[in-house]
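Below you'll find the structure, written out as structure tokens, and then a few comments.
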């Protein structure tokens, strides 16, 4: 993450609430338009069935996407072997070479600068993939 990148903690509350309001508004508009289409296709059974199947698929894919993003770190620990993980592993992966480099970079204690620690993690991953 660069120095210009911001986190949700640093974002003012009104901006976060405005973004959530925008998401809710877009979702409501989409839901109302789908409801309108269902009523418009009242006499057209095939189109109504197709619309219903499309809605189910979108809900299914959204659920899978949410689950994958929620369990991303756990899946990375299960699916990616320690030997081939390199710089692609999450920073809190304890047993890999990147975590050892992080401990060596700050003398074994907590890193004083988060950007410095991330750079050392990336360098450790790059060094393990080259050798």
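The values are calculated or read from the model by the stated rules, or taken from the named source; none is laboratory data. None of these values were measured; they are calculated from a predicted model. So basically every Cβ, Gly included, is an ideal-geometry build from the backbone, and we count neighbours across all protein chains shown.
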Restricting attention to the range 26-58, the residues that are assigned to a loop (DSSP other than H, G, I, E, B) and exposed (fewer than 11 other Cβ atoms within 10 Å of the Cβ) number exactly 2
Quick check: anything in the range 66-81 in contact with a helix residue (DSSP H, G or I) (Cβ under 9 Å, 6 or more places away or on another chain), part of a helix (DSSP H, G or I) and either under 21 Å from residue 30 (Cβ atoms) or at pLDDT below 65 (or both)? no
task: Using the structure shown, decide if residue 98 is part of a helix (DSSP H, G or I), within 23 Å of residue 7 (Cβ to Cβ) and modelled with pLDDT under 60.
output: yes
